[in-house]
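Have a look at the structure below before the remarks.
Bear in mind that the values in this text are calculations on the coordinates, not laboratory data. Treat the numbers as computed from the prediction; the structure is a model and nothing was measured. Here the Cβ positions follow ideal geometry from the backbone for every residue, glycine too, while neighbour counts run over all protein chains shown.
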Amino acid sequence: MTNNTDELAALWQTQDVQTIDIDKLRRELSGQRRKQRLYILIDLLSPVPLILMLYIMADELSSFFRTVAWGLLIITIPLVGYLLWLRRHAAFSTAVHTQAYVDVLYRQIANNVKIAVLTKHSCWVAVLYLAGILGWELVTGEKAAQPDFSSMRFYGALGLGVVFSLLCYVWGQRRERRFRARLQELALIKNQS
């Protein structure tokens, strides 16, 4: 029995141990903190253009488009709240030791996966939303804005929105894969320490 234990101890001591680069973790957490704070600012400002459009162009917009814009604003506000909630770990972290760095990074990267999935799926939903607006206009003949509002500008913006949404989908998918890979790396570090 003692011989078996000695062999296991010898085997255990010969295994390579991955050292944890504390400075790298500290830098990564600091970078995540800056990024998440910037993203929080962007998230908070994201409804502002829609609010300004509803305020400044209220007379030019049709009742249909005003309803669509209000619906979008009603959807946007809780979404912004959810994104702020997901960004909280790194943005407001007070980690002071290695295990705390790993824990905060793990939770934030796990939330970043959720944000990437949300980004990816909100892009195709946006395409459906835009297609719904165009479909309504085709069926009813009602335009999004009054006749003096350039329909060429409207359809140009709509086309750019579709292209942007498709690019955003690809971007979200790549971010999701990258964050999932980093999450697995952090899980190994977390289990090691």
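So how much slack lies between LYS24 and VAL162, counting 0.36 nm per residue of separation and subtracting their Cα-Cα distance, in nm?
Here the answer is 45.8 nm.
If a paramagnetic tag sat 7 Å from the Cα of GLU185 along the Cα-Cβ line, which residues of the range 99-135 would have the backbone N under 14 Å from that point?
102, 105-106, 109-110
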